[in-house]
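I have placed the structure first, in the form of structure tokens, so that the comments after it can refer back to it.
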Amino acid sequence: MKTIKKNLKKYLRHKAGPEQISAVSRLIPRSVLLKTQRDNLIRQVRYCAEKSAYYREQFAEHGIDPLKVRGIEDLAAIETPNKAVVERPYDFVCCPPQIAFETTGTKGRNKKIFFTNGEVNRATSHIALSFTLYGLTPADRFVNSYNFSFWVPGVLHQKACEKFEAFCLPASKVAPAEIYDRLEFYKINVLMGYPSLLVRLTEMADANKRIPMKAVLCSSEPLPERLREYMQEVWGCKVYMGYGGTEYCGGAGGECIHQNGYHLNEMDQIVEIKDPDENGIGEILLTTLNRECMPLIRYNIGDLGRMTTERCKCGLPTARIMEIAGRRDEKATIGSMDFLPVKAFDELLGHVPQVTEDFQLKAYWEGRYQIMELFYESDAGDQDQVQNAIVASMKEYSPDIYKNYMLDMYKFRMTCVPPRSLRGDNVKLNRWVDIRRQQEKDM
Ligand SMILES: [Zn+2]
């Protein structure tokens, strides 16, 4: 009991190592968790009132006295839109930043989120904690195929393995064959990365030689159940999903061994579902609780989700996000890439004189591949030349989309239709049509 108390204290102060956390986390009553969350919120709000230009302005505008805030309900008048962070990032910054990560998007529209090294360090503790939940130990050998280019998951997972004191090969996002060829040499038994990359890797193992793994950990884009099952079969282990993002400083939460929802890190954040519909699905709002550099209050992350506080079979006391139901507005994910499809193609097609300004993108599944098909309007004679121009423009103006296409993360198709045929008589043209979720349901 004495050790538990000591470990609990360390946990609450974020000073415990993964094993200590793991040993006590199931024993924490939800009431203790909520009390800690509330105390942290009160502290975070006062800090914002003192240091954050943006939130000082918000408190004044909405008549909120930061000293009187006792719970998230007292902040109901505030909602921080995405746009505010894109347009005024430095108004959110409260102390000298030591590291920054960006969300991908079209040129110049990336969100830039600043952190201190301490914040990154704390976030990695939670990833390391999830390793222990899966029964992994420092003797296991990881490969990290997350992107290191401005994006958060590469660095975070690398540091988490460092904290876990395990071997970790920093592959970054490369062609799956490069990873496959090294699995045996480095005796890798844990795969980490984007689902679309890992699905390609799985196919390689399936076609060549199946190399048994102990666990596969993925996040950052949806993984349909049938592909999860396929991966589990080929690697002979469980595939665990995490949910996160740049604003969460990596992981918002991860699955436990029951693979039933993402256990949230409620010591460091409050996650709310705004105006849930009859199925409980609504926009996800994030409030940070221990941020020093760029705290966020009721920040609209742009995801739709459903949440439960029902206790999981594993015993952990945290709330769980049960489902990410997609992205609000035009933001989309395909082939391990987070992007604004309409904005991106608006820009890149603007540099191709042979096409009209109307286009439609369709995202769908074909076997294990995600397809993004572009329907564009053109009456030029040589369509090969037009399509080469589109790909060249993609390479120049949307390098992320191009890179993922080259890495075979998704298949890109182009279909030419006559000018003015896409819109027909409609005033509005739906330029992004994503039927992947519907296909999953129909299967
Ligand atoms: Zn659980």
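The values are calculated or read from the model by the stated rules, or taken from the named source; none is laboratory data. Note that the coordinates shown come from a computational prediction; the quantities given were computed from them, not determined experimentally. Don't worry about glycine lacking a Cβ; one is built from the backbone with ideal geometry, like all the others, and counts go over all protein chains shown.
The set of residues in segment 256-283 being among the charged types (D, E, K, R) and in contact (Cβ under 8 Å) with a residue 24 or more places away in the chain consists of GLU266, ASP268, GLU272, LYS274, GLU283. With respect to the conditions (1) touching a Gly at 6+ places or on another chain (Cβ under 9 Å); (2) of a type in the set (D, E, K, R); (3) within 16 Å of the ligand (Cβ to nearest atom), LYS214 lacks only one, and its number is (3).
For segment 62-98, residues that are hydrophobic (A, V, I, L, M, F, W, C), assigned to a loop (DSSP other than H, G, I, E, B) and surrounded by 15 or more Cβ atoms within 10 Å (Cβ to Cβ) total 6. Being at pLDDT below 95 and either buried (at least 19 other Cβ atoms within 10 Å of the Cβ) or of a type in the set (D, E, K, R) (or both) holds for only one residue in ILE21, ILE4, and it is ILE21. Residues being within 16 Å of the ligand (Cβ to nearest atom), assigned by TED's automatic domain parsing to the domain that holds ASP39 and not aromatic (Phe, Trp, Tyr) are represented in segment 227-240 by at least one member. If you go through segment 335-363 and keep only what is closer than 22 Å to PRO176 by Cα and aromatic (Phe, Trp, Tyr), you end up with just PHE339.
Within segment 33-63, being of a type in the set (Lys, Arg) and under 14 Å from GLU292 (Cα atoms) holds for ARG43, ARG46, LYS51. Looking only at residues of segment 152-170 that are in a helix (DSSP H, G or I) and over 21 Å from the mean Cα position of the chain (by Cα), we find that the one that is surrounded by the fewest Cβ atoms within 10 Å (Cβ to Cβ) is GLU162.
Only a single item in (1) under 26 Å from SER398 (Cβ atoms); (2) buried (at least 16 other Cβ atoms within 10 Å of the Cβ); (3) over 17 Å from the mean Cα position of the chain (by Cα) is not met by GLU178, and it is number (2). Of everything in segment 334-376 that is polar (S, T, N, Q) and in contact with a helix residue (DSSP H, G or I) (Cβ under 6 Å, 6 or more places away or on another chain), the residue that is surrounded by the fewest Cβ atoms within 10 Å (Cβ to Cβ) is GLN354. If you go through segment 124-144 and pick out every residue that is among the polar types (S, T, N, Q) and touching a residue at least 60 places away in the same chain (Cβ under 8 Å), you end up with 4.
Quick check, is PHE142 over 30 Å from GLU61 (Cα atoms), modelled with pLDDT under 95 and in the same structural domain as SER220 (by TED's automatic domain parsing)? No; evaluated as a whole, the condition is false for this residue. Pairs meeting the criteria (first residue in segment 220-236 and modelled with pLDDT under 80, second residue surrounded by fewer than 19 Cβ atoms within 10 Å (Cβ to Cβ), beta carbons under 7 Å, at least 6 apart or on different chains) are PRO224/GLU440; ARG226/MET443. In segment 252-269, of all residues being of a type in the set (A, V, I, L, M) and buried (at least 23 other Cβ atoms within 10 Å of the Cβ), the one that is farthest from the ligand (Cβ to nearest atom) corresponds to ALA252. Using the structure shown, decide if GLU119 is in contact with a strand residue (DSSP E or B) (Cβ under 9 Å, 6 or more places away or on another chain) and among the acidic types (Asp, Glu). Here the answer is yes, as GLU119 does meet what is asked. If you go through segment 402-421 and pick out every residue that is on the phi > 0 side of the Ramachandran plot and either over 33 Å from the mean Cα position of the chain (by Cα) or not charged (D, E, K, R) (or both), you end up with 1.
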